[in-house]
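Okay, so here's the structure we're looking at.
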């Protein structure tokens, strides 16, 4: 750890019960205390925050959280919008081809949360070294078709942390950015961080043999400087990425392929569910929108509406 000192380049790396770990502009880690008055927009410090701190009695004390941008949020178990990371340039939705099985529903939720906060996102499909047979090849092709440039429009990176394939292209794509990784336990987020910065004190978990689900090894989010202005945030694995904080009437703007057709429907407030003259349903029938993505959109609208105990919005006739 470096000696306590003031710096305008300090960022929060991780948050603990007794204080925070900061990183300076040269990537050095510094522990600091916090006071009860350090809050911004109702939130305490989170990884990625830019902060002002002063030395006090031989220890650095976090004094102020500077204005935030680039926020990644999800719905907490209590139902409120929870801030995961701040000052983010891009979200990496990390899933595994296998072990644990790839769930496109998780991708849909992470991408919707990113769109809600106007954050660019990329998809990382890890463990492609485990691919074997036509089923895996078809799955990779479907992910590229549904989510890639010809579908939703996201960059898709098939990679392997085991043999290094695809990692150079991924690293080049995030150069100079602060990116936050989110994905299910066992998908390989920590392995990815170790590939990009070997020697970090990070623990890699294994799958539960009974459930085929990953074990939590990252217990709190952490910002990891990679040099050259690039920083990577490793976050704890999630079983579910909840997006109930997004109003159901706004969800259509969180699916790029649906948003692109806005204005083509018969009704201006079309929800693309059961309304006549819907350009989105027409595009789905014609193959212009993947049926899986449209089905996921409908499911999320119904799920969020039901959990809010409010009727699903519909277009006026």
Quiz item: Which of the residues spanning the stretch 85-94 are crowded, with 23+ Cβ neighbours inside 10 Å and in a strand (DSSP E or B)?
Solution: 85, 91, 92, 93, 94
Quiz item: Quick check: anything in the stretch 134-146 assigned to a loop (DSSP other than H, G, I, E, B), surrounded by 12 or more Cβ atoms within 10 Å (Cβ to Cβ) and touching a strand residue (DSSP E or B) at 6+ places or on another chain (Cβ under 8 Å)?
Solution: no
Practice problem: Output the residue which, of all residues in the stretch 120-133 that are in a helix (DSSP H, G or I) and within 15 Å of residue 187 (Cα to Cα), is nearest to the chain's Cα centre (by Cα). | Solution: 128
Exercise. Answer yes if at least one residue in the stretch 262-280 is touching a helix residue (DSSP H, G or I) at 6+ places or on another chain (Cβ under 9 Å), in contact (Cβ under 8 Å) with a residue 60 or more places away in the chain and buried (at least 18 other Cβ atoms within 10 Å of the Cβ), and no otherwise.
Key: no
Quiz prompt | Qualifying positions in the stretch 284-293 - surrounded by 19 or more Cβ atoms within 10 Å (Cβ to Cβ) and at pLDDT below 95 | solution = 284, 289, 290
Quiz item: Does residue 298 meet the test of being surrounded by fewer than 19 Cβ atoms within 10 Å (Cβ to Cβ) and at pLDDT 95 or above?
Solution: yes
Quiz item: Tell me, which residue of the stretch 95-128 that is out of contact with any strand residue (DSSP E or B) (no Cβ under 9 Å at 6 or more places or on another chain) and at pLDDT 95 or above is surrounded by the fewest Cβ atoms within 10 Å (Cβ to Cβ)?
Solution: 118
Practice problem: Give 109, 103, 80 a once-over and let me know the one that is under 12 Å from residue 182 (Cα atoms) and touching a residue at least 60 places away in the same chain (Cβ under 8 Å). | Solution: 109
Practice problem: Only one of these is in contact with a strand residue (DSSP E or B) (Cβ under 9 Å, 6 or more places away or on another chain) and either over 29 Å from residue 184 (Cβ atoms) or assigned to a loop (DSSP other than H, G, I, E, B) (or both): 238, 226. Name it. | Solution: 238
Practice problem: Tell me which residues, restricted to the stretch 147-168, are within 24 Å of residue 72 (Cα to Cα) and either loosely packed, with under 15 Cβ neighbours inside 10 Å or not assigned by TED's automatic domain parsing to the domain that holds residue 115 (or both). | Solution: 149, 153
Quiz item: Given the conditions (1) touching a helix residue (DSSP H, G or I) at 6+ places or on another chain (Cβ under 6 Å); (2) modelled with pLDDT of 95 or more; (3) outside the structural domain of residue 281 (by TED's automatic domain parsing); (4) closer than 25 Å to residue 79 by Cβ, and given that residue 183 satisfies all but one, which numbered condition is not satisfied?
Solution: (2)
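The values are calculated or read from the model by the stated rules, or taken from the named source; none is laboratory data. Remember, predicted model here, so these are calculated numbers, not experimental data. Counting neighbours? That spans all protein chains shown, and the Cβs are built from the backbone with ideal geometry, glycine included.
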